[in-house]
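Q: If you scroll down you'll find the structure; I have some questions about it.
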Amino acid sequence: MRKWIVIVVGAALLGSWLGFGQNALPEGPGRDLVLQKCQTCHEIGFVTRERQTRERWDSLITEMQAYGMRLTPEERASILNYLATFLAPGAATAPAQPVIQAAPTLSGAQVYNNCVGCHQANGAGLPGVFPPLAGHVPDILAARGGREWLVQVMLYGLQGPITVRGATYNGVMPGYAQFSNAEMAALLNHIATQWGNTLPPGQGAFSEAEIQAQRGKNLSAQQVLAARQQLGLR
Ligand code: HEC
Ligand code: HEC
């Protein structure tokens, strides 16, 4: 019972800390569609914090379609109307969130919810679009410098052509510098040990200090790509 309370409160706090929760979307035609379509790849906070003109929303939706969002023309029109109406410049912002002193640490499985829209719940990814983590994270960890690089890709993202287990990808992976060191360590320990993945011999669990050590480098996604090329992954 207590465990469930902690999980529910934790998820609510994470939502408010990442921006505004879905409560920040006013009622109106198209709202349900926005909630359904716009949080498969990222938090709805990416959307609720914006105040944009119709033209800018139009091009943002086109950008999301280039990232792989699928919409029928009717769905697209309905979403555009909603965003242009309720998230227009000058529209009311959500009430300020209370300052959170010490957000509870989420488990690795909970933090992984941010990844499932692309890498999928089973870690298999989508061939040619989102690379697999299942069967692949151990390869990264076993490469010389791979452990540090895995932290870097999580903090700073990755963009550009890569090959994973013989398949090519050329997409965008967002960075997650906003996660706390404890959450990032829990996430990495999760993806290193799920779906049959195991830590390579001699390697222990990720620590918070290991995450902190890679912060402040301010790498671009392209620099992370260049560093990946040194790992010799195939
Ligand atoms: C197929 C995955 C996907 C879907 C679905 C998706 N997005 Fe995105 N979105 C992305 C990616 C990738 C980024 C870039 C993240 C970054 O740069 O850190 C992004 C970033 C954004 C940003 C930040 C501005 C920018 O250009 O970086 C906004 C605003 C946004 N999305 C709005 C939306 C809206 C509105 C929807 C629903 C209509 C939506 N997204 C659905 C993948 C998606
Ligand atoms: C919007 C979709 C999206 C989301 C959300 C996302 N990723 Fe990715 N991820 C990608 C793409 C696309 C790539 C490959 C980038 C490229 O082609 O350069 C990638 C690459 C990676 C890689 C590096 C694989 C390699 O061999 O280079 C790791 C590790 C990874 N993601 C883990 C995660 C984790 C963990 C999360 C959740 C916190 C996450 N990703 C969230 C799309 C996403």
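Q: From (1) crowded, with 16+ Cβ neighbours inside 10 Å; (2) in a helix (DSSP H, G or I); (3) not hydrophobic (A, V, I, L, M, F, W, C), pick out the condition that doesn't hold for Arg56.
A: The single condition Arg56 does not satisfy is (1).
Q: Within region 174-191, can one find any residue that is out of contact with any Ser or Thr (no Cβ under 6 Å at 6 or more places or on another chain), of a type in the set (Ser, Thr, Tyr) and over 16 Å from Ile140 (Cα atoms)?
A: Checking region 174-191: at least one residue is out of contact with any Ser or Thr (no Cβ under 6 Å at 6 or more places or on another chain), of a type in the set (Ser, Thr, Tyr) and over 16 Å from Ile140 (Cα atoms).
Q: Would you please name the residue that is nearest to ligand 2 (Cβ to nearest atom), looking only at residues in region 162-182 that are closer than 20 Å to Leu219 by Cβ and either without any contact (Cβ under 8 Å) to a residue 24 or more places away in the chain or part of a helix (DSSP H, G or I) (or both)?
A: Taking the candidates together, the pick is Asn170.
Q: Evaluate region 105-114: report whether one residue or more is open to solvent by 60 Å² or more (accessible area, probe 1.4 Å), out of contact with any Asp or Glu (no Cβ under 7 Å at 6 or more places or on another chain) and modelled with pLDDT under 95.
A: Within region 105-114, one or more residues are open to solvent by 60 Å² or more (accessible area, probe 1.4 Å), out of contact with any Asp or Glu (no Cβ under 7 Å at 6 or more places or on another chain) and modelled with pLDDT under 95.
Q: Also, I was wondering about something else. Residues being within 16 Å of ligand 2 (Cβ to nearest atom) and outside any helix (DSSP H, G or I): count how many of those fall in region 199-213.
A: Final tally of qualifying residues: 5.
Q: Being open to solvent by less than 30 Å² (accessible area, probe 1.4 Å), more than 6 Å from ligand 2 (Cβ to nearest atom) and under 14 Å from the mean Cα position of the chain (by Cα) is the requirement here; does Gly117 meet it?
A: Against the criterion (open to solvent by less than 30 Å² (accessible area, probe 1.4 Å), more than 6 Å from ligand 2 (Cβ to nearest atom) and under 14 Å from the mean Cα position of the chain (by Cα)), Gly117 does not qualify.
Q: Another question, if that's okay. Kindly evaluate Pro131 against the criterion of being at pLDDT 95 or above and more than 19 Å from Met184 (Cα to Cα).
A: yes
Q: Here are some residues: Gly216, Gly196. Which one is assigned to a loop (DSSP other than H, G, I, E, B), out of contact with any Ser or Thr (no Cβ under 9 Å at 6 or more places or on another chain) and either more than 19 Å from Tyr112 (Cβ to Cβ) or within 11 Å of ligand 2 (Cβ to nearest atom) (or both)?
A: Of the residues listed, the single one that is assigned to a loop (DSSP other than H, G, I, E, B), out of contact with any Ser or Thr (no Cβ under 9 Å at 6 or more places or on another chain) and either more than 19 Å from Tyr112 (Cβ to Cβ) or within 11 Å of ligand 2 (Cβ to nearest atom) (or both) is Gly216.
Q: Name every residue in region 129-185 that is over 17 Å from Asn114 (Cβ atoms), within 14 Å of ligand 1 (Cβ to nearest atom) and open to solvent by 30 Å² or more (accessible area, probe 1.4 Å), in order of residue number.
A: Of everything in region 129-185, those that are over 17 Å from Asn114 (Cβ atoms), within 14 Å of ligand 1 (Cβ to nearest atom) and open to solvent by 30 Å² or more (accessible area, probe 1.4 Å) turn out to be Val129, Gln159, Asn170.
Q: Residue check, Glu208 against (1) among the acidic types (Asp, Glu); (2) under 16 Å from the mean Cα position of the chain (by Cα); (3) open to solvent by 30 Å² or more (accessible area, probe 1.4 Å), all met but one. Which one?
A: The failed condition is (2).
Q: Could we say that Val137 is out of contact with any Phe, Trp or Tyr (no Cβ under 6 Å at 6 or more places or on another chain), near ligand 2 (Cβ under 6 Å from one of its atoms) and over 20 Å from Gly45 (Cβ atoms) here?
A: For Val137, the condition - out of contact with any Phe, Trp or Tyr (no Cβ under 6 Å at 6 or more places or on another chain), near ligand 2 (Cβ under 6 Å from one of its atoms) and over 20 Å from Gly45 (Cβ atoms) - is not met.
Q: Scan region 40-59 and report the pairs whose first residue is closer than 16 Å to Thr85 by Cα and whose second residue is open to solvent by less than 60 Å² (accessible area, probe 1.4 Å) and within 13 Å of ligand 2 (Cβ to nearest atom), with Cβ atoms within less than 7 Å and a gap of 6+ or a chain change.
A: Pairs found: Val47/Cys38.
The values are calculated or read from the model by the stated rules, or taken from the named source; none is laboratory data. Bear in mind that the values here come from a model prediction, so they are computed numbers and not experimental data. Ideal geometry is used to build each Cβ from the backbone, glycine not excepted, and the neighbour counts take in all protein chains shown. Surface accessibility is based on the protein's heavy atoms, side chains included, excluding ligands, DNA and RNA. Shrake-Rupley method; radii C 1.70, N 1.55, O 1.52, S 1.80 Å.
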